[in-house]
Amino acid sequence: MSSDPASTIPFVSGITVGDIISHKILDCTPQTTVVEAADRMWRSRCSSIVVIERGQAVGIWTEADALKLELPGNPDVFEQPLSRVMSRPVKTIEQGAPLEKAEQLLRIEKIRHLLVIDDDARSVGIISQTDLIRAQGIEHDLLLRSVATILKPNLEVLEAELPLHQAIHRLRSARVDAAAVRYTEGESYGIFTERDFLRSIASKRTNICVGEVASRPLLMQPDTLSLLQARSIFDRQGFRHLGITSGEGNLIGILSFSEILRGIDHNHLDYLRQALHERRIALEHSQENLHLARQVIKASRDGIMVTDARGIIQSVNPAFTRITGYSAEESIGNTPALLRSGRHDAEFYSAMWKSVESEGYWAGEVWNRRKNGEIYPEWLSINAIRNDKGEITKLAAILSDITERKKSEEQIKNLAYYDMLTGLPNRRLFTDRLNMSIANAHRHDHQLAVVFIDLDLFKRINDTLGHSVGDKLLVEVAKRISGQLREGDTAARMGGDEFTLLLQEIEDADCAVAIAHRIISALSEPINVDNSTLYVTASLGISIYPYDGRDSETLVRNADTAMYRAKDEGRNSYQLYTATMNKSSLAHLEMENNLRKALNLKEFTLHYQAKVCATSGRITGTEALIRWQHADLGYISPALFIPLAENIGIIPELGDWVLATAIKQCSEWVDMGIDDFRMAVNVSARQLTQSSFSQRVIQLLDEAGLDPRFLELELTESAIMERPDEVVPMLTALRGHGIQISIDDFGTGYSNFGYLKRLPISKLKIDISFIRDVPTNSDDSELVAAMIAMAHKLKLSVTAEGVENRQQVTFLRQQRCDELQGYFITRPQAAKTIRRLLLEGSFPLVSST
């Protein structure tokens with residue numbers, strides 16, 4: 001038997017001490033007498049009792065400790081407290097420790113019990129040698145080995161008449177835990193064990209012969225009995241010793257339950273060594289099997305299928321079953337044809353087998369079908385195994401499921417060629433398809449169209465409702481656009497809110513126009529996103545191959561140019577590209593250059609339009625309006641250059657010049673004695689989003705020496721709504737200085753009175769589009785009347801702009817409009833011209849009717 005502490009017993013993997021312990025701990029105090037402890041152990045069928053003092057284990061007393069008691073001449077031996085005879089200290093082990101550690105401790109310490117503790121050192125149970133034996137995962141070894149392989153040749157036989165104290169002495173001297181007891185009558189045997197002695201102590205019967213306390217009869221079994229059978233008998237009968245007989249029936253030893261534990265490791269290792277040796281010899285005898293094993297081991301984690309030379313499956317491994325879904329029973333006897341997906345033709349398989357026969361090997365990607373019907377990609381390699389004569393005797397196929405690799409490749413492809421948000425082709429893939437289509441159109445003399453689509457005012461949705469809503473809107477727009485295309489056409493997302501279409505093999509431009517109409521109609525339907533109903537429109541530009549370009553770059557650029565013309569024409573429409581658009585684009589570019597130079601050349605001036613009180617005609621202020629007088633081009637309308645200034649990014653600089661010039665002019669008029677008067681200045685959204693805007697306004701007022709009450713800032717609703725969290729606090733601060741804040745062009749934007757009441761404003765200006773047809777248009781009249789009434793309820797004053805005739809004045813006065821502005825009163829005039837009217841202080845209006 002091995003005594004090497006490193007030699008351990010193989011246990012079931014993953015099981016810890018805490019998994020097999022008995023949580024019932026028999027305990028007592030140090031003052032408990034030996035006879036009391038023995039009685040409790042006997043009644044509880046426990047082989048040990050833990051001695052506890054102040055909640056801590058201070059010792060343990062076992063059946064083996066009982067044998068150490070000296071009986072003769074010591075009448076009080078059983079009445080002494082356990083504290084004198086217990087074993088100490090108590091050997092402990094953590095409940096999370098592996099069983100191997102417990103086995104080592106028992107063997108090294110030469111004990112049979114360990115106290116099990118938790119992480120807080122509290123006692124939670126007892127583990128014994130018996131527990132460890134039952135936890136061994138070596139039933140196959142116990143089955144193959146007989147009792148004779150571990151039986152010790154130290155049989156101790158006691159005569160039944162032997163006094164008990166002498167029997168105890170014999171057990172101690174022989175270092176055994178049990179002995180056979182021979183009875184003269186019938187030549188039968190009993191057995192005397194530590195537990196029998198414990199029973200005699202509990203009953204206080206120690207001045208007797210061993211035969212009176214021994215258990216009988218001794219159950220005997222032949223030495224050919226397997227260790228597994230012996231263990232089963234122990235478990236079934238509930239005792240721990242067997243008498244072992246020779247082939248002649250003579251008693252030759254006693255097998256204890258614990259000896260299975262002590263004798264197992266060395267023999268088990270010897271058995272494994274012997275088995276490996278025999279296996280190695282067998283493999284050396286079969287070169288063919290060795291070659292096959294090498295082929296199989298090479299891809300052990302992949303599916304393996306072995307067939308005979310005819311292709312009949314002979315074996316498969318577990319990985320084959322995992323990949324294909326076919327078990328070994330379902331596969332063996334079949335051919336690999338049960339995996340065919342139908343995606344490969346006869347020619348494919350013919351070339352495969354031809355390669356196997358001629359070269360002995362084939363590898364490639366195939367599509368197969370799992371048992372559940374799913375078609376999947378796999379990498380398949382087939383090896384032909386030949387005998388000494390060169391004849392193919394077996395075929396070994398190694399197959400790998402490459403589904404995940406294919407998915408990764410597809411994802412990489414999508415990242416390179418598809419828009420991740422909408423799933424549409426991206427700019428790169430669109431350009432590739434367009435180039436191929438152009439080549440095809442040139443070869444077959446076809447026409448094709450490129451359509452450039454841009455959503456109108458999409459930035460407003462993104463800025464007000466957030467990018468998450470904007471993204472969901474783009475996904476729905478992509479679906480609606482794609483739904484209007486023909487098979488073979490391509491819709492792509494170029495970025496942001498821009499889409500392009502490739503319409504192949506069209507007969508003429510009318511075909512592209514028809515599709516453009518369908519897309520505009522589809523996008524006009526309301527879109528529900530996150531409980532919000534959104535309305536979007538789009539501007540489309542169309543270029544036709546070969547008339548508007550013969551390469552992809554030109555066609556896309558010209559479609560883009562046509563799209564901007566559609567925006568200039570009022571949005572929510574389409575435009576076909578024409579050559580004149582290029583001329584317009586060149587003129588547009590020249591205008592940009594001139595606009596950038598105009599500030600330095602001092603080509604801008606301000607004109608002022610008066611505003612009057614609707615009831616008295618008193619002049620209440622003026623609005624500063626920018627004008628551009630170009631040296632060569634003459635007067636240029638603000639409707640042309642203001643949008644251009646916004647597009648090229650100079651609107652903040654231009655707006656700052658207007659604000660500074662208007663404040664300076666107002667200061668001069670105030671110095672002339674004009675009072676109770678406000679200068680109104682329009683402020684763009686780009687100016688409002690500048691972090692320094694409010695400081696700039698106060699700086700300009702200070703430099704001009706102008707009281708802030710003379711200044712009025714006119715803003716559109718959309719300008720505030722672009723960044724309300726930043727703009728509203730800033731406007732509140734400006735109003736705190738005395739500056740008046742007005743909403744310009746009211747009715748053309750959000751027109752949300754519920755939101756307006758939270759803004760720091762004091763005035764609404766009703767847009768000219770609503771004033772133009774009052775009072776003749778009843779709808780507009782009712783709408784204007786409602787606006788004025790609602791504004792007054794919110795304690796806001798109202799200015800009507802675009803007043804051009806007496807009928808409008810009369811109507812507006814009837815609706816109690818506060819302020820009027822328009823050509824009926826005065827056109828925008830230069831500062832010198834309007835000064836006379838300002839000094840007069842009023843304008844004659846018609847009488848109230």
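The values are calculated or read from the model by the stated rules, or taken from the named source; none is laboratory data. Note that the structure is a prediction, hence the values are computed from the model and not measured. Cβ: placed from backbone, ideal geometry, glycine included. Neighbour counts: every protein chain shown. Side chains are part of the model used for accessible areas, which takes the heavy atoms of the whole protein and leaves out ligands, DNA and RNA. Shrake-Rupley method; radii C 1.70, N 1.55, O 1.52, S 1.80 Å.
Across the range 147-158, the number of residues qualifying as open to solvent by 30 Å² or more (accessible area, probe 1.4 Å) and not in a helix (DSSP H, G or I) comes to 7. What do you reckon, is ASP19 part of a helix (DSSP H, G or I), modelled with pLDDT of 85 or more and either open to solvent by 20 Å² or more (accessible area, probe 1.4 Å) or closer than 27 Å to ILE108 by Cα (or both)? Answer is no for this residue.
Of all the residues in the range 145-176, those that are of a type in the set (Val, Ile, Thr) and closer than 20 Å to LYS110 by Cα number 3. There is at least one residue in the range 739-749 that is acidic (Asp, Glu), open to solvent by 40 Å² or more (accessible area, probe 1.4 Å), under 18 Å from GLU623 (Cα atoms) and under 56 Å from the mean Cα position of the chain (by Cα). Per the listing ILE825, ILE788, ILE834, the residue uniquely touching a Cys at 6+ places or on another chain (Cβ under 7 Å) and not hydroxyl-bearing (Ser, Thr, Tyr) is ILE788. For first residues located in the range 633-648 and of a type in the set (A, V, I, L, M), partners that are part of a strand (DSSP E or B) and open to solvent by 30 Å² or more (accessible area, probe 1.4 Å) and lie 6+ apart or on another chain with Cβ distances below 8 Å form the pairs ILE636/GLN629. Being touching a residue at least 24 places away in the same chain (Cβ under 8 Å) and either under 30 Å from ASP568 (Cβ atoms) or assigned to a strand (DSSP E or B) (or both) is a property that does not hold for ALA660. Figure legend. Inter-residue proximity from the range 357-377: first residues within 13 Å of PRO336 (Cα to Cα) and aromatic (Phe, Trp, Tyr), second residues open to solvent by less than 20 Å² (accessible area, probe 1.4 Å) and not in a strand (DSSP E or B), beta-carbon distance below 6 Å, spacing 6+ or different chains. Indicated pairs: TRP367/SER341.
Has the range 538-546 got at least one residue that is under 45 Å from the mean Cα position of the chain (by Cα) and either at positive phi or in a helix (DSSP H, G or I) (or both)? No, because not a single residue in the range 538-546 is under 45 Å from the mean Cα position of the chain (by Cα) and either at positive phi or in a helix (DSSP H, G or I) (or both).
Within the range 212-242, the residues that satisfy the criterion of being charged (D, E, K, R) and modelled with pLDDT of 85 or more are GLU212, ARG216, ASP223. Restricting THR324, THR245, THR335 to those that are at pLDDT 90 or above, open to solvent by 50 Å² or more (accessible area, probe 1.4 Å) and either farther than 24 Å from ASN372 by Cβ or among the hydroxyl-bearing types (Ser, Thr, Tyr) (or both) reduces the list to THR335. Annotation: of all residues in the range 337-378 being among the hydroxyl-bearing types (Ser, Thr, Tyr) and assigned to a strand (DSSP E or B), the one that is farthest from ARG405 (Cα to Cα) is TYR361. Would you check which residues across the range 339-390 are under 19 Å from MET305 (Cα atoms) and among the hydroxyl-bearing types (Ser, Thr, Tyr) and list them? Those that are under 19 Å from MET305 (Cα atoms) and among the hydroxyl-bearing types (Ser, Thr, Tyr): SER341, TYR349, SER355, TYR361, TYR376, SER381.
Answer yes or no as to whether ALA416 is open to solvent by less than 40 Å² (accessible area, probe 1.4 Å), in contact with a helix residue (DSSP H, G or I) (Cβ under 9 Å, 6 or more places away or on another chain) and closer than 21 Å to VAL316 by Cα. Taking the combined requirement at face value, the residue does not satisfy it. Mind checking whether some residue in the range 252-266 is under 21 Å from GLN104 (Cβ atoms), modelled with pLDDT of 80 or more and open to solvent by less than 50 Å² (accessible area, probe 1.4 Å)? Looking through the range 252-266, at least one residue is under 21 Å from GLN104 (Cβ atoms), modelled with pLDDT of 80 or more and open to solvent by less than 50 Å² (accessible area, probe 1.4 Å). Picking from residues in the range 548-607 that are of a type in the set (Val, Ile, Thr) and at pLDDT 90 or above, the one that is nearest to the chain's Cα centre (by Cα) is VAL556. Set side by side, the residues LEU700, LEU713, LEU706, LEU625 differ, and just one is open to solvent by less than 20 Å² (accessible area, probe 1.4 Å) and either more than 22 Å from MET730 (Cα to Cα) or in a helix (DSSP H, G or I) (or both), which is LEU700.
Every residue in the range 563-572 that is in contact with a Ser or Thr (Cβ under 8 Å, 6 or more places away or on another chain) and either part of a loop (DSSP other than H, G, I, E, B) or more than 19 Å from LEU523 (Cα to Cα) (or both), please. Passing the criteria: ARG565, ARG571, ASN572.
The set of residues in the range 697-732 that are among the polar types (S, T, N, Q) and either within 19 Å of ILE674 (Cα to Cα) or free of Cβ contacts under 8 Å to residues at least 60 places away in the same chain (or both) comprises GLN699, THR716, THR732. Residue count for the range 801-839 satisfying the condition of being free of Cβ contacts under 8 Å to residues at least 24 places away in the same chain and over 17 Å from ILE771 (Cα atoms): 3. Total residues in the range 771-797 satisfying the condition of being of a type outside the set (S, T, N, Q) and either in contact with a Leu (Cβ under 6 Å, 6 or more places away or on another chain) or open to solvent by 60 Å² or more (accessible area, probe 1.4 Å) (or both): the figure is 11.
To keep it simple, each residue is scored yes or no on (1) assigned to a helix (DSSP H, G or I); (2) open to solvent by less than 60 Å² (accessible area, probe 1.4 Å).
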| position | (1), (2) |
| --- | --- |
| PRO652 | yes, yes |
| ASP656 | yes, yes |
| GLN665 | yes, yes |
| VAL670 | yes, yes |
| ASP676 | no, no |
| MET679 | no, yes |
| SER691 | no, no |
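Output yes when any residue across the range 838-846 is assigned to a helix (DSSP H, G or I), surrounded by fewer than 16 Cβ atoms within 10 Å (Cβ to Cβ) and out of contact with any Asp or Glu (no Cβ under 9 Å at 6 or more places or on another chain), and no when none is. Yes: one or more hits. Looking at the range 424-522, the strands (runs of 3 or more DSSP E) lying wholly inside it that each contain 1 or more residues that are touching a helix residue (DSSP H, G or I) at 6+ places or on another chain (Cβ under 7 Å) and among the charged types (D, E, K, R) sit at 447-455, 490-495. Counting only strands (runs of 3 or more DSSP E) that fall entirely inside the range 728-808 and contain at least 3 residues that are among the hydrophobic types (A, V, I, L, M, F, W, C), the qualifying elements are 740-746.
Against the conditions (1) within 30 Å of GLY495 (Cβ to Cβ); (2) among the aromatic types (Phe, Trp, Tyr); (3) open to solvent by less than 30 Å² (accessible area, probe 1.4 Å), TYR376 satisfies every one except (1). Is the range 504-511 home to any residue that is open to solvent by less than 30 Å² (accessible area, probe 1.4 Å) and under 32 Å from the mean Cα position of the chain (by Cα)? The answer is no; no qualifying residue exists. Residues in the range 184-194 that are out of contact with any helix residue (DSSP H, G or I) (no Cβ under 6 Å at 6 or more places or on another chain) and in contact (Cβ under 8 Å) with a residue 12 or more places away in the chain: THR184, SER188, TYR189, GLY190, ILE191, THR193.
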